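Novice: Pasting a structure here, questions to come.
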Amino acid sequence: MTIQLPVTTPLIELRHVTKTIGDGVETTLVRDISLAIEPGEFVAITGPSGSGKSSLLYLLGLLDAPTSGEVFMQGRPVPVDDEAQRARLRLKHLGFVFQFHFLLTEFTSLMNVMLPMRALGKISEAQMKDRALALLASLGLEAHAHKLPGQLSGGQRQRVAIARALANEPHVILADEPTGNLDSQSSEQVLGVLRRLVDETKRSIVMVTHDLGLAARADRQLRIVDGRISNDIT
Amino acid sequence: MRLVFDIAVTHIRSRLRQTLVGLMGVAMGVGFSVMMAALMEGSQRDFVSQLVDALPHITMSDERRDPPRQAAEDHYQVVAYSGLSTMATRPGIKNPYAIIASLDSWLDGAVAPSVQARAVIRYASRDTAANVTGIDPRREVSVSKLPQQLRGGTVGDLYRSSNAIILGDRLAQKIGARVGNTIAVVSGTGRVVSCTVVALVHSGVSQADETQAFTLIKTAQILAGQTGIVNAMRIRVTDVMQAMSVAERIEAQTGYKSVSWQEANEDLLSALQVRNFIMYTVVGAILLVASFGTYNIISTITHEKTRDIAILKSLGFTERTVRSIFLLEALMIGVAGTLAGWALGYALCGMLETIEFKSPFVDTTHLPLYYTPTHYLLAGLIALLASGIAGYLPARKAASVQPVEIIRGAS
């Protein structure tokens, strides 16, 4: 009798990826990293500042193209030189949360959440509105749907940003120091939301943080030093 | 795409005052262009219509384009004889009434014969040279403005006495003659005809008013020493633009040199083309300058919204979408500016039209303005094109923003 192990395809996979910037004086941000993000994984990337952890996240999130190496999404190679194609994949499959909320300040919470949906244009305006309101409600923001980002607290803004990241039901959420600008109470709230996403909706999250306490709450911790993975604890 | 439109409107609203300034720039550009075009084309049309009205549309003279062949040329081709005297032909258009009858049968317009004679007009022992034109008053009415230019009489008055004459008003003034006086007209060959002044003519062209005199054809023929012959046919056609082809047909039919008003004023008309070219260049330049305002606004907005652009791109907006946002903003300014400019241009034209020019010599005149949708469409089109370019350049730059650089810089 043979045991059939479930074979899963990694959501995002980097193979021997290197990222170098600068002409003349070159700086290598990421050195020959191979990494796979599996479905339902909560990965925390830690490391000293300037170690390349954010750069690694941008490569995983297809925000940036590697200098060398290959990127796969659900087993398919990503044409890294094709910015329009990468943009399309980001819109459909990935969600971002940054240290700064990065909401459009002239748009209400609701409109901000609807932005990626409208850019994708797969469902009707009414459906988009319903889904955006449901997302905001699930993050405890139903009362703030029609407020501008300037009228919200830091934690609320960050939760709106998470709602926006979830707009097109992405496979992976990429978070770059999502609690970096928040007080401990708000941080706790935001982290709780992220944790719940992984546990309840089986999404994957990749979070960059310098806070080891927060990183400890992830399923897998990657420590980056000098552009290389120095530690991979599951 | 609604989303692109929404974002564009938000951007413009955040820079409302500057946008309005830019919009006014485009509006003024379009407005002044429209006004300039109306004024230039109006004055040109006024000029051409005066030109067309002042002279007959086609003048058929008793000349031929090529000198008539001498009989000797046809008969002695091999040997050239020198000292042969040329065969004299009698001047004038032969059989004028047959030609008139023939032209009347197919021509859409009117024909009037005239006889030219040079003469000296003598009154109260003052002499002055004059061009005496013999006319047929009944036909003259339909080809020239002479009847309307008369002072103190009508063309019919030429029939009133046996030898009646109409003098240019300045000519009459020069010799001191008035309506009712009898003057002596002396032809080049010495014939003297006594004529009664029945009316004065004021054409407004001082050169003509100083030398013109009109009589019946018969009187002028006596002065010229040739009866039964006329020197010229003046033709007025219903469609002035057809004058050239009609002239060609007349010339082919009769053999006499027929000159259309276009041919007679070729140099003037080509000067008008140069004028038009200058006008369109200036109009284009005005609109180009106006578009710099648009460029400025879109540049400012793209600089201000670099962060927003980075956000949109990180979410997965393509460069094309980002570009179209700013291009749309520029075009919105262009469209709004064009609409305002049309209103401004129309209002300016209306104001110019009320200006009166008073002159002691001529009647009160207004600026000639020409209204046509073409001017508005042309100005609008150039304004939109300029706005599009003014928006595209900063838009292209904005779209190439790398989100990673901005995000990295912010955190």
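The values are calculated or read from the model by the stated rules, or taken from the named source; none is laboratory data. In this text the structure is predicted, and so the values were computed from the model without any measurement. As a convention, Cβ positions derive from the backbone with ideal geometry for all residues, glycine included, and neighbour counts pool all protein chains shown. The protein model used for the area step is the full one, side chains on, heavy atoms only, and it has no ligands, DNA or RNA in it. Shrake-Rupley method; radii C 1.70, N 1.55, O 1.52, S 1.80 Å.
Novice: Could you check how many residues of segment A:41-61 are touching a Pro at 6+ places or on another chain (Cβ under 7 Å) and of a type outside the set (A, V, I, L, M)?
Specialist: Count: 0.
Novice: Another question, if that's okay. Surrounded by fewer than 17 Cβ atoms within 10 Å (Cβ to Cβ) and either aliphatic (A, V, I, L, M) or away from chain A (no Cβ under 14 Å) (or both): does that describe B:Thr254?
Specialist: Numbers: surrounded by fewer than 17 Cβ atoms within 10 Å (Cβ to Cβ): no; either aliphatic (A, V, I, L, M) or away from chain A (no Cβ under 14 Å) (or both): yes.
Judged against the criteria, B:Thr254 is not a match.
Novice: Same structure again: In this structure, does A:Thr20 turn out to be of a type in the set (S, T, N, Q) and open to solvent by 40 Å² or more (accessible area, probe 1.4 Å)? Quick ask: steps written out before the conclusion?
Specialist: Working: of a type in the set (S, T, N, Q): yes; open to solvent by 40 Å² or more (accessible area, probe 1.4 Å): no.
Answer is no for this residue.
Novice: Ok, one more. Residue under question is A:Val172, and the condition is that it be within 17 Å of A:Gln99 (Cβ to Cβ) and crowded, with 17+ Cβ neighbours inside 10 Å; does it hold?
Specialist: Answer is no for this residue.
Novice: Just checking, how many residues over segment A:132-151 are in contact (Cβ under 8 Å) with a residue 24 or more places away in the chain, over 20 Å from the mean Cα position of the chain (by Cα) and open to solvent by 10 Å² or more (accessible area, probe 1.4 Å)?
Specialist: Summing the residues that are in contact (Cβ under 8 Å) with a residue 24 or more places away in the chain, over 20 Å from the mean Cα position of the chain (by Cα) and open to solvent by 10 Å² or more (accessible area, probe 1.4 Å) in segment A:132-151 gives 5.
Novice: Can you pull out the residues in segment A:155-169 that are within 14 Å of chain B (Cβ to nearest Cβ), part of a helix (DSSP H, G or I) and either of a type in the set (A, V, I, L, M, F, W, C) or open to solvent by 30 Å² or more (accessible area, probe 1.4 Å) (or both)? Let's see the steps before the verdict.
Specialist: Looking only at segment A:155-169, we keep the residues that are within 14 Å of chain B (Cβ to nearest Cβ), and these are A:157-158, A:160-169.
Still in the list and also part of a helix (DSSP H, G or I): A:157-158, A:160-165.
A:Arg157, A:Val160, A:Ala161, A:Ile162, A:Ala163, A:Ala165, listed by residue number.
Novice: Limited to segment A:176-199, what total is found for residues that are out of contact with any strand residue (DSSP E or B) (no Cβ under 6 Å at 6 or more places or on another chain), closer than 25 Å to A:Leu35 by Cβ and assigned to a helix (DSSP H, G or I)?
Specialist: Selection size over segment A:176-199: 7.
Novice: Checking the conditions here, which among B:Ala330, B:Ala343, B:Ala347 is buried (at least 24 other Cβ atoms within 10 Å of the Cβ) and in the same structural domain as B:Thr281 (by TED's automatic domain parsing)?
Specialist: Working: B:Ala343 fails: buried (at least 24 other Cβ atoms within 10 Å of the Cβ); B:Ala347 fails: buried (at least 24 other Cβ atoms within 10 Å of the Cβ).
From the options B:Ala330, B:Ala343, B:Ala347, the qualifying one is B:Ala330.
For (1) open to solvent by less than 40 Å² (accessible area, probe 1.4 Å); (2) in a helix (DSSP H, G or I); (3) among the hydrophobic types (A, V, I, L, M, F, W, C); (4) facing another protein chain (nearest Cβ under 8 Å), each residue gets a yes or a no:
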| residue | (1), (2), (3), (4) |
| --- | --- |
| A:Asp81 | no, no, no, no |
| A:Ala87 | yes, yes, yes, yes |
| A:Glu106 | no, no, no, yes |
| A:Ala119 | yes, yes, yes, yes |
| A:Lys122 | no, no, no, no |
| A:Ala126 | no, yes, yes, no |
| A:Lys129 | no, yes, no, no |
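Novice: Could you please find all residues in segment B:313-323 being touching a residue at least 24 places away in the same chain (Cβ under 8 Å) and either open to solvent by less than 10 Å² (accessible area, probe 1.4 Å) or more than 8 Å from chain A (Cβ to nearest Cβ) (or both)? So that I can check it myself, show each step before the final result.
Specialist: At the first step, the residues of segment B:313-323 found to be touching a residue at least 24 places away in the same chain (Cβ under 8 Å) are B:313-314, B:319-323.
Once the filter is applied, which keeps residues that are touching a residue at least 24 places away in the same chain (Cβ under 8 Å) and either open to solvent by less than 10 Å² (accessible area, probe 1.4 Å) or more than 8 Å from chain A (Cβ to nearest Cβ) (or both), segment B:313-323 yields B:Lys313, B:Ser314, B:Val322, B:Arg323.
Novice: So which of B:Gly25, B:Gly31, B:Gly42 ends up being at pLDDT 90 or above, open to solvent by less than 50 Å² (accessible area, probe 1.4 Å) and over 30 Å from B:Lys313 (Cα atoms)?
Specialist: Numbers: B:Gly25 fails: at pLDDT 90 or above; B:Gly42 fails: at pLDDT 90 or above.
Of B:Gly25, B:Gly31, B:Gly42, the one residue that is at pLDDT 90 or above, open to solvent by less than 50 Å² (accessible area, probe 1.4 Å) and over 30 Å from B:Lys313 (Cα atoms) is B:Gly31.
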